[in-house]
Amino acid sequence: MNMPVTLSYQIDQQFAEFINQEVLPKTNLESADFWSGLIAILEDLTPTNDALLAERERIQNAIDTFHREHEGELDMATYKAFLEDIGYLCEDIEDFTITPNNVDSEIAKVCGPQLVVPVDNARFVLNAANARWGSLYDALYGTDAIPQTEELTAKGGYNPERGAKVIDFARSFLDEIFPLNHGSHKDVTCYTIYFQHLLAYFEDGTSAGLLTPSQFAGYSGDINAPSSVLFKNNGLHAELQINRAGTIGKHDRAGIDDVRIESAITTIVDFEDSVSAVDAEDKVRAYRNWLGLMQGTLSSRFDKQGETVFRQMQRDRMFSAKDGDSYPLKG
């Protein structure tokens, strides 16, 4: 193993093998360059980090002492003055602005849920990473977004009355977010693409376009009988999945088998609060999961109700843009 010679640091064998055998071969870095660079960073930043930790301990000790000396009594003015005196509270400064560069648009501009998962649990990480697209039908049917009354219960087998409520809710959602210039999605019998515009046809043969045509983003399949229609609003997508032979689509006048919503767009992978990594084995497991996540190769096998389940990252999704070009989306 090509390891640097240093008197200042000892590098765990398992961690070194992970870096040298799994990480570095996928980069343009030589082993010696990586380790010497890491050591240089440690030697440069460790004194600063130690000073910050010492300051944190000083403040915490001062706060602990204050509470012991003032047990059972708390005057907020005195307490605030104390916190200011030890540097825990600082004076407000004037408002200011910052203009950082290279911020991903999903962080800077697109609103959506951020899921937080521990990096050392591959299954949880995969669940979060794959939560970007979800079935609106499943979400409505299985939750109390539609009340769980006796007639509309979701317990037991499939309840067609509840299913009808789900479809009605979804069509109302389409009417609210992606309205037609006249008529309702509830009455549409088919969708087609005509000269880069979405057309929705009704039973009487008339048609309508979107009230806001720019909300039509793309499609899959044939323009005269698309297998999916893609909408976009506020940077997020919604997909009509059309399958007249599908479980739901074969009973739907427009053949819509599901409505899928782009929602959980960001995953925060936690290396700190929710993770207990106390030795090299724990840390390597965490780093290996992160490596797999970055490469799109992360997978997990686990037992569920007596069966082995295999889970991996969803592939990116490919649509046709309304002008015929490709329209890729994250999976």
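Which loop chymotrypsin sites (Phe, Trp or Tyr not before Pro) in region 174-271, with loop taken from DSSP, have no more than 11 other Cβ atoms within 10 angstrom of their Cβ?
Working: sites: Y191, Y194, F195, Y201, F202, F216, Y219, F231, F271; in loops: F195, F271.
Answer by residue number: F195.
Counting only Cβ charges, +1 for Lys and Arg and -1 for Asp and Glu, the dipole size of the chain around its Cα centre is about 2000 debye. Straight-distance candidates among the aspartates and glutamates for linking to K165, with alpha-carbon spacing under 19 Å and chain neighbours fewer than 8 residues away dropped: D138, D144, E150, E151, D175, E176, D187, D252, D257, D258.
In what sequence, highest mean first, do 42-49, 322-329 appear when ranked by Cβ atoms within 10 angstrom?
Answer by packing, highest mean first, reads 322-329, 42-49.
Extension gain, F302 to H182: 0.36 nm times the residue separation minus the Cα-Cα distance gives 38.2 nm. In the list [x] 58, 57, 45; [y] 81, 62, 49; [z] 108, 42, 35, the label attached to Cα extents along the principal axes in Å as derived from the coordinates here is [y].
Straight-distance candidates among the lysines for linking to K109, with alpha-carbon spacing under 19 Å and chain neighbours fewer than 8 residues away dropped: K232, K330.
What's the FRET efficiency of D138 with D282 using the Cβ-Cβ distance as r and R₀ = 41 Å, to the nearest 0.05? Result of the calculation: an efficiency of 0.70. In the chain, the longest principal axis of the Cα atoms and the axis of helix 76-85 are about 70 degrees apart.
The ranking of L293, L240, L126, L29 by Cβ neighbour count inside 10 Å, starting from the fewest, reads L29, L293, L126, L240.
How high is the relative contact order of the chain, given as a whole-number percent (alpha carbon pairs under 8 Å, six or more residues apart)?
It comes to 18 percent, rounded to a whole number.
Provide the net charge surrounding P226, with neighbours chosen by a C-beta distance below 13 Å and charges set as Lys +1, Arg +1, Asp -1, Glu -1. Summing Lys/Arg as +1 and Asp/Glu as -1 gives -1. Computed from backbone phi, the HN-Hα couplings of region 230-247 come to 10, 10, 9, 8, 6, x, 10, 10, 9, 10, 8, 9, 10, 8, 6, 9, x, 4 Hz, rounded to whole numbers (Karplus: 6.51 cos²θ - 1.76 cosθ + 1.60, θ = phi - 60°; Gly and Pro given as x).
Ranked by how many other Cβ atoms sit within 10 Å of their own Cβ, fewest first, the residues K186, K232 fall in the order K186, K232.
In deg cm²/dmol, rounded to 500, what helix-only [θ] at 222 nm does the chain give when every DSSP H run of at least 4 residues adds -39500 (n - 2.57) and the total is split over its residues?
One gets -10500 deg cm²/dmol as the mean residue ellipticity at 222 nm.
Annotation for region 64-116: chymotrypsin sites (Phe, Trp or Tyr not before Pro) lying in DSSP loop with at most 15 further Cβ atoms inside 10 Å of their Cβ are Y88, F96. The aspartates and glutamates within cross-link reach of K283, meaning a Cα-to-Cα straight distance under 18 Å and a gap of 8 or more places when in the same chain, are D12, E17, E22, D120, D270, E272, D273. Between D85 and A154, residue separation times 0.36 nm minus the direct Cα-Cα distance comes to 18.9 nm.
If the segment from Q13 to S227 were pulled out straight at 0.36 nm per residue, it would be longer than the present Cα-Cα gap by 71.8 nm. Among S36, S214, a tally of other beta-carbon atoms within 10 Å of each Cβ gives an order, fewest to most, of S214, S36.
Values quoted throughout were computed directly from the atomic coordinates according to the rules given, and no laboratory measurement underlies them. Here the structure is a predicted model, which means the values were calculated and not measured. A quick note on method: Cβ atoms are made from the backbone with ideal geometry, for glycine too, and the neighbour counts reach across all protein chains shown.
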